[in-house]
Amino acid sequence: MTQEHQATRRTLLAGAGLAGVAVLAACSSGGSSSSSTTSGDAPSGSAAALGTTSEIPVGGGKVFTAEKVVVTQPSSAQFKAFSAICTHQQCIVDQVANGTIDCPCHGSKFSITDGSVVSGPAPSPLPTQKITVTGDQITLS
């Protein structure tokens, strides 16, 4: 191989490596200008608006996918919030039905009351999240 060819190949490989670094940097920075926060990452003093109490049925709940949180209302005017990330393989839960928060990936079900595992394979409960209910507004604290 000639020195010129080796230099060209080295330049090409270096350029490809830098492109890969740029892609990784873009992915890891979130790449989004959204102002919503994920559970547990809200700066102190700020809150992410989730929705209204009328969106959360008694005995049911709603998954807020973008915020990775699920809000339930086990009994009238009692609101609970949990991480929407399943503790089995970190899939996002997709529905609240029949008193459980359900994961579509492997069938784990969690209690709407306390996030405990109703049926596995999830190894542990959904972590609780802090919400504030003011009037009919629900915010992630």
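Just so it is clear, none of the values below were taken in a lab; they were calculated from the coordinates. All of these numbers come straight from a predicted model, not from anything done at the bench. Every residue, glycine among them, receives a Cβ derived from its backbone with ideal geometry; neighbour counts consider all protein chains shown.
Taking Lys and Arg as +1 and Asp and Glu as -1, the other residues whose beta-carbon sits under 10 Å from that of Leu50 total -1. Taking other Cβ atoms within 10 Å as a rough exposure proxy, Thr72, Thr53 sort from fewest to most as Thr53, Thr72. Fully extending the segment from Thr139 to Ser124, taken as 0.36 nm per residue of separation minus the present Cα-Cα distance, adds 2.9 nm. Taking a ≥ b ≥ c as the square roots of the Cα gyration tensor eigenvalues, with a/c under 1.5 meaning rounded and otherwise prolate when a/b beats b/c, else oblate, which class fits segment 48-140? Prolate, since a/c reaches 1.5 and a/b exceeds b/c. Going by neighbour counts of Cβ atoms within 10 Å, the residues Asp114, Asp136 line up, fewest first, as Asp136, Asp114.
With both labels modelled 7 Å from their Cα along Cα-to-Cβ, the Thr65 to Thr113 distance reads 3.0 nm.
For the pair Glu55 and Gln78, label points projected 7 Å from Cα toward Cβ lie 2.3 nm apart. Residues His88, His106, arranged from fewest to most other Cβ atoms within 10 angstrom of their Cβ, appear as His106, His88.
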